Amino acid sequence: METKLRELRGRLAEVYDLNMANALLSWDQSTYMPPGGAAARARQMATIGKISHQKATDEEVGALLDDLRPYEASLPADSDDAALIRVSRRNYEHMVRVPTDLIGELYAHSAASYDAWVKARPANDFAAVRPYLERNLELSRRLANCFPGYQHIADPLIDLSDYGMRAESVRAVFAELRAELVPLVKTICAQTPADDACLRRGFSEPQQLAFGERVIRAFGYDFSRGRQDKTHHPFMTKFSLGDVRITTRFREDDLSDALFSTLHESGHAMYEQGIDLSYEGTPLANGTSAGVHESQSRLWENQVGRSRRLWEHFYPQLQAEFPSQLGDVPLDSFYRAINKVHRSLIRTDADEVTYNLHVMLRFDLELALLEGSLEVRDLPEAWNARYREDLGLTPPSDSDGVLQDVHWFSGSIGGAFQGYTLGNILSAQFFAAARAAHPQIDAEIGRGEFATLHGWLRENIYRHGSKFTTDDLVHRATGGPLDISPYMAYLREKYGDLYTL
Ligand code: ZN
């Protein structure tokens, strides 16, 4: 059995290496690659993606997984070997259903489509990306149809990023949350919005970069196993557990953009950096789902990063860095500015209270596209209509409307957005569990100390990688299933102090 397991690990490591090589090509595409590299890069990524898929679906892998069944059955379910075999089998059974040619088409198309989006967004040119989106919808449907027997065509795509969830279960959680959020948004937005002019006073890029990195270094992001670069749409990526990178973008007229996206991406990255090093080269060396991943980014960005306690420690340092911009701004005004609630157009800039409305409308539009009840050509108008309905705003351009997110232009349509709101819900649930276990966490945050919180997260979430499903992990870490109440309690308490609720 040991020989078989070793052989399985060897084959999985080859697949892992190819996928990490592709991740490096993709990182380069989004950071430093000159425009002339686009066409060849799309082809190269498709080639590697196909080879990886062929290796991952090799019959020998299937045979090894079959041979290892008795060994797996002899182990406790929570042993690493059992988890490795279980997760590898789940991936294998999934991947053998998808033809290698389709994988190649998906990779090639998404690289070409990303390139078109990068040009179309600043040019406000939806017509230029429409054919890419139509082709992507067709490919996404073909991908979903590799898994017949679904209830909703989005189910297989949702399952790919949030294993165990389906359109119906996501809709149920969203409906419950929406019923609580809509009146809260209404109450808050009827009041005078906070003044956030202090965040728009002109902040130099190198100083912003240095300050953001100072905060995430204190959080525990390990720069000896990571780095930060500039991009169009911030993201985290990794090439091994020893090389987990983040990206950001800067706006000199908006301090919060780069700062909070850096805190956000550091949360994703600390999750990956915290995975048990013995999982390297295996399918266990990944965060377990989009929702849990997002819970970690949102926890550091919002639960910690937009808390008053954090800024009691860091605000004097920020003022010292930017004396002419913030010297005359008291902590309380800064705290209100970074937690300003208002109806806005851009998801990534949205405050915590309205954010989920942005996600829910994208989720509904994805489902409508996949179902065929919405045509790509009607998408900009459908988008604008939902913004009017849910947020009372009409986007002045497609650049700030349907073209704002990279997701539909660089991956499948379906499964891309639900993780953001699941992540918000889970961020509050995990943070509440950590504080219940270690009540000193609040005071430590006020002193700029994060070791207890980081330690709890590493112990209960990070180190496990993909060993447990989301459902199992949430039960183990919090003692119950996914639950919106800690999140709503958090919003009510925090915004109850800032507004009259
Ligand atoms: Zn994120």
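Restricting attention to the range 295-323, report how many residues are away from the ligand (no atom under 16 Å from the Cβ), touching a residue at least 40 places away in the same chain (Cβ under 8 Å) and part of a helix (DSSP H, G or I). Walk me through it before giving the result.
Keep residues of the range 295-323 that are away from the ligand (no atom under 16 Å from the Cβ), which gives 307-323.
Among the residues that remain, those that are also touching a residue at least 40 places away in the same chain (Cβ under 8 Å) are: 307, 309-310, 312-314, 317-318, 321-322.
This time we only want the ones that are part of a helix (DSSP H, G or I), so: 309-310, 312-314, 317-318, 321.
Final tally of qualifying residues: 8.
Does Phe211 count as away from the ligand (no atom under 16 Å from the Cβ) and surrounded by 16 or more Cβ atoms within 10 Å (Cβ to Cβ)?
Answer is yes for this residue.
List the residue pairs whose Cβ atoms are under 7 Å apart, where the first residue sits in the range 265-278 and is hydroxyl-bearing (Ser, Thr, Tyr), the second is within 12 Å of the ligand (Cβ to nearest atom), and the two are 6 or more positions apart or on different chains.
Pairs found: Ser266/Ile246; Ser266/Trp300; Tyr271/Gly287; Tyr271/His293; Tyr271/Gln296.
So which pairs qualify, if the first residue must be in the range 229-241 and within 13 Å of the ligand (Cβ to nearest atom), the second must be among the aliphatic types (A, V, I, L, M) and at pLDDT 95 or above, the Cβ gap must be under 8 Å, and the two must be at least 6 apart or on different chains?
Pro234/Ile246; Phe235/Ile246; Met236/Val244; Met236/Ile246; Met236/Ala269; Thr237/Ala23; Thr237/Val244
Pull out all pairs, ordered by first then second residue, where Cβ-Cβ is under 9 Å, the residues are six or more apart or on different chains, the first lies in the range 425-438 and is more than 19 Å from Asn356 (Cα to Cα), and the second is acidic (Asp, Glu).
That search, which allows pairs on different chains as well, returns Arg435/Asp442; His438/Glu444.
Looking only at the range 22-62, which residues are among the aromatic types (Phe, Trp, Tyr) and within 14 Å of Ala111 (Cα to Cα)?
Here is the first cut: in the range 22-62, the residues among the aromatic types (Phe, Trp, Tyr) are 27, 32.
Once the filter is applied, which keeps residues that are among the aromatic types (Phe, Trp, Tyr) and within 14 Å of Ala111 (Cα to Cα), the range 22-62 yields only Trp27.
Scanning the range 37-78 for residues that are loosely packed, with under 14 Cβ neighbours inside 10 Å and not in a helix (DSSP H, G or I), which turns out nearest to the chain's Cα centre (by Cα)?
Asp78
Conditions: (1) without any contact (Cβ under 8 Å) to a residue 60 or more places away in the chain; (2) out of contact with any strand residue (DSSP E or B) (no Cβ under 8 Å at 6 or more places or on another chain); (3) over 26 Å from Asp405 (Cβ atoms). Arg225 meets all but one. Number of the miss?
Every condition holds for Arg225 apart from (2).
Does Asp28 count as closer than 27 Å to Leu84 by Cα, among the acidic types (Asp, Glu), in the same structural domain as Val96 (by TED's automatic domain parsing) and assigned to a helix (DSSP H, G or I)?
No: the conditions fail for Asp28.
For Pro206, which of the numbered conditions (1) surrounded by fewer than 24 Cβ atoms within 10 Å (Cβ to Cβ); (2) in a loop (DSSP other than H, G, I, E, B) fails to hold?
(2)
Go through the range 345-400 and report how many residues are closer than 26 Å to Arg306 by Cα and not aromatic (Phe, Trp, Tyr).
22
Can you tell me how many residues within the range 269-292 are surrounded by fewer than 24 Cβ atoms within 10 Å (Cβ to Cβ), part of a helix (DSSP H, G or I) and within 15 Å of the ligand (Cβ to nearest atom)?
1
If Thr348 satisfies every condition in (1) modelled with pLDDT of 95 or more; (2) in a helix (DSSP H, G or I); (3) within 16 Å of the ligand (Cβ to nearest atom) but one, which is the exception?
Unmet for Thr348, out of (1) modelled with pLDDT of 95 or more; (2) in a helix (DSSP H, G or I); (3) within 16 Å of the ligand (Cβ to nearest atom): (1).
Could you give every pair whose Cβ atoms fall below 6 Å, whose first residue belongs to the range 461-481 and is assigned by TED's automatic domain parsing to the domain that holds Gln429 and assigned to a loop (DSSP other than H, G, I, E, B), and whose second residue is surrounded by fewer than 18 Cβ atoms within 10 Å (Cβ to Cβ) and not aliphatic (A, V, I, L, M), counting only separations of at least 6 or pairs across chains?
From the range 461-481, the pairs are Thr469/Gly164.
Determine which member of the set Ala172, Ala218 is more than 30 Å from Trp27 (Cβ to Cβ) and among the small types (Gly, Ala, Ser).
Details: Ala218 fails: more than 30 Å from Trp27 (Cβ to Cβ).
Answer to the selection: Ala172.
Mind checking which residues of the range 444-487 are more than 20 Å from His268 (Cβ to Cβ) and acidic (Asp, Glu)?
Selection gives Glu444, Glu449, Asp471, Asp472, Asp483.
Taking the stated definitions as given, is Glu444 among the acidic types (Asp, Glu) and buried (at least 22 other Cβ atoms within 10 Å of the Cβ)?
Considered against the rule, which asks whether it is among the acidic types (Asp, Glu) and buried (at least 22 other Cβ atoms within 10 Å of the Cβ), Glu444 comes out as no.
Report yes if some residue within the range 325-344 is of a type in the set (S, T, N, Q), within 25 Å of the chain's Cα centre (by Cα) and within 16 Å of the ligand (Cβ to nearest atom); otherwise report no.
Looking for residues that are of a type in the set (S, T, N, Q), within 25 Å of the chain's Cα centre (by Cα) and within 16 Å of the ligand (Cβ to nearest atom), one finds none in the range 325-344, hence no.
Restricted to the range 407-430, and to residues that are within 12 Å of the ligand (Cβ to nearest atom) and not hydroxyl-bearing (Ser, Thr, Tyr), which residue is surrounded by the fewest Cβ atoms within 10 Å (Cβ to Cβ)?
His407
What number of residues within the range 242-251 satisfy the criterion of being surrounded by 16 or more Cβ atoms within 10 Å (Cβ to Cβ) and more than 16 Å from the ligand (Cβ to nearest atom)?
Residues in the range 242-251 being surrounded by 16 or more Cβ atoms within 10 Å (Cβ to Cβ) and more than 16 Å from the ligand (Cβ to nearest atom): 2 in total.
The values are calculated or read from the model by the stated rules, or taken from the named source; none is laboratory data. The model shown is predicted, which means the values in this text are computed figures rather than measured ones. Positions of Cβ are backbone-derived with ideal geometry, glycine not excepted, and every protein chain shown enters the neighbour counts.
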